[in-house]
Amino acid sequence: MTYPDPDDPASPARPSVRPFLQPSSSGGYRPAHRVEETVTDQSVSLRPFVITSGRTDGADPGIGMETQVTLNPMAAPVRLSPEMRAIVGMCSEPVSVAEISARLHLHLGVARILVGDLRAAGQLDVHVLDNDTPDPETIMRVIRGLRAIT
Amino acid sequence: MDYEQSPDRHVGTARVGSEDGRPKKAPVPVKIIVAGGFGVGKTTTVGAISEISPLTTEAEMTSASMGIDDPGEASLKTTTTIAMDFGVQTIDQTLKLYIFGTPGQSRFAFMWDDLIKGALGALVVVDTARIDDCYPAVDYFERAGLPFVVGVNTFNGQMNYSLDEVRWALAIREDVPVLAYDARFRGSVRDALLVVLDQALDKAIRQKST
Ligand SMILES: Nc1nc2c(ncn2[C@@H]2O[C@H](COP(=O)(O)OP(=O)(O)OP(=O)(O)O)[C@@H](O)[C@H]2O)c(=O)[nH]1
Ligand SMILES: [Mg+2]
């Protein structure tokens, strides 16, 4: 097919070309792979992290927003902070970290850290996937499942 | 509450453990990202397909502040809280689809990397009145190698540009689908997500065979 010449004043470039593709562009940005570097500078927003004893870098990178969390049936009764208690109270059925965060009004980062702590304390099972690249069979099942909804 | 409230001793006793003593089976979660500029219909899209009303979570995003915002100040980093909404669609007892709607500002590199880890793909929502707003999302998914589809939210059938014009404006590869859908209707959102899943399947099959 033919496209209008963007430099032709008779047919100006509307909509414009994505700026990232122009050689003069100052950059755009790339996917960052420097997690340690980026999470450490939290100085401007310490407040939400008070309940995690000030830690901002304790979250297990394997714990994602969609990661499923359940009670550890072997857990011994222990004393827990109200936030942790509330989390444990949500996990009798499998629940995602994002849902924990949303329903308890905890920042996502805080929810991740507390979930990790509760796993370390033997209270919760955190179902981290061995392989987070989606396999074709799983995708096929999602496709079939979505096709079935009306 | 079955424990005493005491403002300075934030502790309580939890009793946990299921009756049969066996670990619970948890469903496998998969996720699709819905991204795009402000007010393009991301939350509407998530709500249309979700079986629960969309939930909102606040996340810290570290902004790397480079490129468009402050050229030349590439090392400046600040942290911003953004609201992200999400919905769920249960496929069956062992499989759950999460749909995350995320603001598409280019600055929030850190959070997006977290978000796309393990994601099947993304739907980039476009309002033809403001096509430029989706550039950061398109650019990001392209660079990250995440399968994506451009979905023009038609806002009552109103489109200022044809799909071909949108494709041209975005300068995306031929194999990236550009489609029109209506964010308010479940069937329309479902069909758009099915196209995302097709792309995801292609990629997963390609990866498996190499
Ligand atoms: N008529 C019409 N209105 C729509 C459509 N999609 C969204 N809207 C309306 O447009 C407004 C913005 O939609 P949202 O879904 O909140 O958009 P968003 O992308 O989540 O917005 P932000 O989160 O603020 O960036 C809302 O008032 C919607 O009701 C559509 O297809 N047609
Ligand atoms: Mg929204």
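What follows draws every value from the coordinates through simple rules; no lab data is involved. Note that the coordinates shown come from a computational prediction; the quantities given were computed from them, not determined experimentally. In this analysis, Cβ positions are derived from the backbone assuming ideal geometry, glycine residues included, and neighbour counts consider all displayed protein chains.
Observations on the structure shown:
- Cβ neighbours within 10 Å from other chains - mean over B:160-172: 3
- Fewest-first ranking of A:Asp117, B:Asp175, B:Asp133, A:Asp135, using other Cβ atoms within 10 Å as the exposure measure: B:Asp175, A:Asp135, B:Asp133, A:Asp117
- Residues whose amide H comes within less than 5 Å of that of A:Leu71, counting only those at least five positions distant or on another chain, are A:Asp125 (H built at 1.01 Å from N in the peptide plane).
- Ranked list, fewest to most other Cβ atoms within 10 Å of each Cβ, for B:Tyr140, B:Tyr135: B:Tyr135, B:Tyr140
- Neighbour cut-off at most 16 other Cβ (10 Å), DSSP loop, GluC sites (Glu not before Pro), the range B:85-183: B:Glu174
- Share of pairwise Cα separations in the range A:50-127, more than 21 Å, in percent: 14
- Here the 3J(HN,Hα) profile of the range A:63-76, calculated from phi with Karplus coefficients 6.51, -1.76 and 1.60 at θ = phi - 60°, is 8, x, 5, 8, 4, 8, 10, 9, 5, 7, x, 8, 5, 8 Hz, Gly and Pro shown as x.
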